[in-house]
Amino acid sequence: YLHVASERTAEPVRVAAVQAYAKFTNPLVAANLVALWTKGSPGMRREIEAALTSRNERVPVLLDALEKGVIGKDTLSPNTIAALRRQPEATTVKRVNQLFGVPAKAKTRAQVVKGLLPALKLKGDAAAGRVIYTQRCALCHRAGKAGHLLGPDLVSVKANGPEKLLVSIVDPNREVAANYVAYDVTLRDGSTQTGLLGDETLTHVRIRLPLGKERLLPRTDVKGMRSGGKSIMPEGLEAGLTPQQMADLLAFIVGL
């Protein structure tokens, strides 16, 4: 079904094929999606990540692939890693921590912010910052015509200045506007969607997702919704960035 998409097939068609296939509940779906990963385009890979983390029974298949090196740990988006860390099974979380390390608890977000404040005194390279934006931010933030709109458009927040931008990136839960609070929506088919709540009616709930996607869910399909009051933007997006790289990212945003 998925292999009918040739190299000449438009990216939207490939992505749509993955989305359609992911709706099947057959246990073989997860393994087939993993097999497709190596040949998948960037857009397809993001859809495969979402499909493998949307159903709890698929997560072990993804972890197997990560442990065997079939899927590289450094290729997963921060949102996917955050979703893996939220898994309900302790044994699953243990495997996730073995792969990605135990989340640092010794440092508070305020301490991490302090450690990156030297970036404010460095001259940033906007071109290098664009690369970092593409790798870490474009999934949920638009910058002009690039990226996807889930969180604020970066053009609309650049006036906040470098220091406030740095704090927002490193400590996204310090100030969270109500319209950017993440919700876990559990469906009766066993899947879970994490995103922002859009408009609600007596019959439907709209949920906004990364990559600019939306789902209009019949209320009869929704088993429950919960929120921890945290931002849709996960903590740890700055992991591995040096002060110079943070300066580059800030230069890119401020220069939009």
(request) Please name all residue pairs, on different chains or six or more residues apart, with Cβ atoms under 7 Å, provided the first residue is in the stretch 80-102 and is under 14 Å from Thr53 (Cα atoms) and the second residue is assigned to a loop (DSSP other than H, G, I, E, B) and of a type in the set (Ser, Thr, Tyr). (result) none
(request) Give just the number: which of (1) more than 26 Å from Ala110 (Cα to Cα); (2) of a type outside the set (A, V, I, L, M); (3) in a strand (DSSP E or B) does Gly195 not satisfy? (result) (1)
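Suppose we filter the stretch 118-137 for residues that are open to solvent by less than 60 Å² (accessible area, probe 1.4 Å) and either assigned to a helix (DSSP H, G or I) or at pLDDT below 90 (or both); how many remain?
Residues of the stretch 118-137 that are open to solvent by less than 60 Å² (accessible area, probe 1.4 Å), as a first pass: 119, 124, 126, 128-129, 132-133, 137.
Imposing the further condition that a residue be either assigned to a helix (DSSP H, G or I) or at pLDDT below 90 (or both) reduces the set to 119, 126, 128-129, 132-133.
Adding up the residues that qualify gives 6.
How about the stretch 24-110: which helices (runs of 4 or more DSSP H) wholly inside it have at least 3 residues that are surrounded by fewer than 18 Cβ atoms within 10 Å (Cβ to Cβ) and modelled with pLDDT of 90 or more?
Details: elements: 28-37, 42-53, 59-68, 78-85, 90-100.
In the stretch 24-110, 28-37, 59-68, 90-100 are the helices (runs of 4 or more DSSP H) which contain 3 or more residues that are surrounded by fewer than 18 Cβ atoms within 10 Å (Cβ to Cβ) and modelled with pLDDT of 90 or more.
Report the residue count in the stretch 168-185 for those that are in contact (Cβ under 8 Å) with a residue 40 or more places away in the chain and closer than 28 Å to Asp221 by Cβ. Give the derivation first.
Start the filter on the stretch 168-185 by keeping residues that are in contact (Cβ under 8 Å) with a residue 40 or more places away in the chain, which leaves 169-174, 176, 180-185.
Subset that is closer than 28 Å to Asp221 by Cβ: 176, 180-185.
Adding up the residues that qualify gives 7.
The values are calculated or read from the model by the stated rules, or taken from the named source; none is laboratory data. Treat the numbers as computed from the prediction; the structure is a model and nothing was measured. Neighbour counts run over all protein chains shown; Cβ positions are idealised from the backbone, glycine included. Heavy atoms of the whole protein, side chains included, go into the accessibility calculation; ligands, DNA and RNA do not. Shrake-Rupley method; radii C 1.70, N 1.55, O 1.52, S 1.80 Å.
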